[in-house]
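To keep things clear, I will list the structure first and then write my remarks on it.
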Amino acid sequence: MSPSAQSKESAVPAASPASADPSKPAFDFLDLRAQFASIREEVMAAVTRVFESQHFILGSEVKLLEEEVAAKLGARFAVGCASGTDALILSLMAAGIGPGDEVITTPFSFIAAAGSIAHVGAKPVFVDIDLVTFNINPALIAAAITPRTRAIMPVHLFGLPADLDPILEIAKAKGLLVIEDATQAIGSHYNDRFIGTIGDFGCFSFFPSKNLGGAGDGGLITTNDPATAERLRMLRGHGSKKKYYHDILGTNSRLDALQAAVLRVKLPHLDSWAAGRQNRAERYRKLFEERGLTSFITSPPQPPAKFHHVYNQFTIRVLLRDDLRESLRTAGIPTEIYYPLCLHLQRAFRYLGYEPGALPVAEKASQEVLSLPVFPELKDAQQDLVVQSIAAFRTMRGGA
Ligand SMILES: *Cc1c(COP(=O)(O)O)cnc(C)c1O
């Protein structure tokens with residue numbers, strides 16, 4: 001064992017944060033190596049199959065993945081594309097949304113949903129979130145609707161479904177489309193249906209850190225409408241059905257056969273990996289309870305029965321967030337802040353004219369959130385160290 005590997009090992013069970021090298025985390029925030037080791041042979045066989053075929057774009061691997069994802073999620077159609085961002089853009093294009101239109105979305109998320117709305121020339125309209133779920137607050141949507149509103153784009157943030165029933169009700173009453181940003185939540189369900197199949201479009205990402213991650217970029221759109229599926233297929237291939245004949249204007253956003261082949265190996269594991277994440281989330285809650293940390297930090301509660309959380313992230317709230325994060329960093333514990341600046345306050349969206357304070361709940365969340373490591377292979381000892389270090393910080397600060 002090398003000296004560095006040794007210190008890495010000993011850093012895990014150590015009670016004293018001082019023994020860790022502050023420049024290096026004791027373990028990775030997301031470590032996919034154990035997952036790969038468990039499916040290595042199947043993945044390598046799938047990759048070899050694609051190389052031997054020398055068919056790298058779309059083709060049978062992509063068609064099979066589309067069929068398998070559609071069957072798994074209970075969607076009538078699935079259309080692969082180049083990324084989750086493109087899934088959002090292609091959905092907006094297929095809906096004919098563009099200049100002069102408004103789309104309602106959340107200010108507390110990765111930029112892709114709001115960015116896609118702007119990318120097609122429409123205006124993102126931000127509606128504040130619920131502090132417990134971090135998702136768009138449906139009670140605030142009606143007030144944001146104008147004659148120009150065409151769609152609502154909820155994000156199922158961190159793997160927890162947005163509250164779709166009231167969103168669908170408003171959409172139906174006002175004749176709006178619902179485009180689900182399901183990029184962080186593949187496999188989660190709401191009532192008894194998989195998210196992404198409940199609205200008009202479901203947008204998925206296969207970015208490696210998502211719950212179903214490829215070996216690079218990839219995305220997919222689900223829909224139950226045959227004409228929409230046909231339009232999406234045309235849009236991803238420059239608007240053509242017949243080669244070199246272009247009926248509409250599209251773009252190049254195809255899924256690679258290599259990605260599809262890898263994803264086909266991983267898809268059957270989706271539920272057991274989600275169960276592994278849920279198990280780690282449940283254990284965090286138990287440990288926080290045991291250590292009396294529940295008044296110091298707010299962890300995501302076990303959601304009501306109709307919501308199914310797949311924990312792409314386990315995100316707590318804590319008032320002394322930045323100090324806690326620094327203290328954890330020196331103890332060798334990796335954390336992330338998703339997301340440090342709300343979308344309505346981003347420089348790129350300055351033209352929309354939002355001022356600080358406009359969306360107070362999202363802004364509060366951005367100051368208090370801290371995402372902790374959560375993945376199926378996260379070890380008990382690693383999780384214990386995370387919780388011990390939070391407790392040590394609380395004691396140091398004289399908290400009860
Ligand atoms: C990852 C992500 C996307 C975009 O996915 P890419 O495949 O990276 O383009 C969109 N929205 C959210 C909330 C995401 O987390």
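At a threshold of 8 angstrom on Cα-Cα distance, excluding pairs fewer than six apart, so keeping six or more, what relative contact order does the stretch 32-147 reach in percent?
This gives 16 percent for the stretch 32-147.
Does the stretch 276-340 come out rounded, prolate or oblate by the C-alpha gyration tensor, with a ≥ b ≥ c the root eigenvalues, rounded set by a/c under 1.5 and, if not, prolate when a/b is larger than b/c and oblate if not? Walk me through the numbers before you get to the answer.
Values: a/c = 1.81, a/b = 1.52, b/c = 1.19.
Verdict is prolate for the stretch 276-340.
Which loop-located GluC sites (Glu not before Pro) does the stretch 259-297 contain, where loop means any DSSP state but H, G, I, E or B and the Cβ has at most 15 other Cβ atoms within 10 Å?
Hits after loop and neighbour filter: nothing returned.
Among L324, L249, L270, which one shows the highest mean-square fluctuation when the chain is modelled as a Gaussian network with alpha-carbon springs under 10 Å?
With Cα springs under 10 Å in the chain, the top fluctuation among L324, L249, L270 is at L249.
Projected onto the charge dipole of the chain (+1 at Lys/Arg Cβ, -1 at Asp/Glu Cβ, origin at the Cα centre), which of P161, G213, L385 gives the Cα projection farthest towards the positive end?
About the Cα centre, the residue reaching furthest to the positive side is G213.
Could you give the longest part of the chain that holds none of the trypsin sites (Lys or Arg not before Pro) found in DSSP loops with at most 15 neighbouring Cβ atoms within 10 Å?
On the way: sites that count: R76, R148, K243, R291, K306, K379, R397.
Answer from the scan: 149-242.
At R0 = 35 Å, how high is the FRET efficiency between A143 and F29 if r is their beta carbon distance? Nearest 0.05 is fine.
Efficiency at R0 = 35 Å is approximately 0.40.
Along the stretch 328-341, what does the Karplus equation 6.51 cos²θ - 1.76 cosθ + 1.60 (θ = phi - 60°) give for ³J(HN,Hα), rounded to whole Hz, x for Gly and Pro?
3J(HN,Hα) across the stretch 328-341, in whole Hz: 5, 4, 6, 8, x, 9, x, 9, 9, 10, 10, 9, x, 9.
Return the sequence-ordered ³J(HN,Hα) values of the stretch 257-264 in whole Hz as given by the Karplus equation 6.51 cos²θ - 1.76 cosθ + 1.60 applied to θ = phi - 60°, using x for Gly and Pro.
Along the stretch 257-264, the couplings run 4, 4, 5, 4, 5, 5, 5, 5 Hz.
Can you show me the helix-derived [θ] at 222 nm for the chain, built from DSSP H runs with n ≥ 4 at -39,500 (n - 2.57) apiece and divided by the number of residues, rounded to the nearest 500.
On the way: 12 runs with 153 residues, N = 400.
Helix-only estimate at 222 nm: -12000 deg cm²/dmol.
What is the stretch 246-400 by shape, rounded, prolate or oblate, if you read a ≥ b ≥ c off the alpha carbon gyration tensor as root eigenvalues and call it rounded for a/c under 1.5, prolate for a/b larger than b/c, and oblate otherwise?
Judged from the Cα gyration tensor, the stretch 246-400 comes out oblate (a/c at least 1.5, b/c at or above a/b).
Would you work out if the chain is rounded, prolate or oblate? Take a ≥ b ≥ c from the square roots of the eigenvalues of the alpha-carbon gyration tensor; rounded if a/c is under 1.5, else prolate when a/b is larger than b/c, oblate otherwise.
Working: a/c = 2.10, a/b = 1.30, b/c = 1.61.
Oblate, because a/c is 1.5 or more while a/b does not exceed b/c.
Stick to the Cα atoms of the stretch 41-267, pair each with every other, and give me the Kirkwood hydrodynamic radius in Å at one decimal. The partial results should precede the final answer.
On the way: mean 1/r = 0.0569 Å⁻¹.
Evaluated over the stretch 41-267, this radius sits at 17.6 Å.
Evaluate the relative contact order of the chain (contact order divided by residue number), counting alpha-carbon pairs under 8 angstrom at least 6 apart; express in whole percent.
22
What whole-number distance in Å separates the alpha-carbon centres of the stretch 249-285 and the stretch 157-194?
Using only Cα atoms, the two centres lie 19 Å from each other.
I need the phi-derived Karplus couplings for the stretch 40-53: 6.51 cos²θ - 1.76 cosθ + 1.60, θ = phi - 60°, integer Hz, Gly and Pro marked x.
Whole-Hz 3J(HN,Hα) from phi for the stretch 40-53: 3, 5, 5, 5, 5, 5, 5, 5, 4, 4, 5, 4, 5, 6.
Please give the residues of the stretch 38-78, grouped as numeric ranges, whose backbone N is less than 19 Å from a label point set 7 Å along the Cα-to-Cβ vector of K243.
53-63
With an 8 Å cut-off on Cα pairs and a minimum separation of 6 or more residues, tell me the relative contact order of the stretch 185-242 in percent.
23
Quick note: the coordinates plus some simple rules give every number you see, no bench work behind them. Just so it is clear, the model here is predicted, and its values are computed rather than measured. Methodologically, a virtual Cβ is constructed for each residue, glycine included, from the backbone with ideal geometry; neighbour enumeration extends over all protein chains shown.
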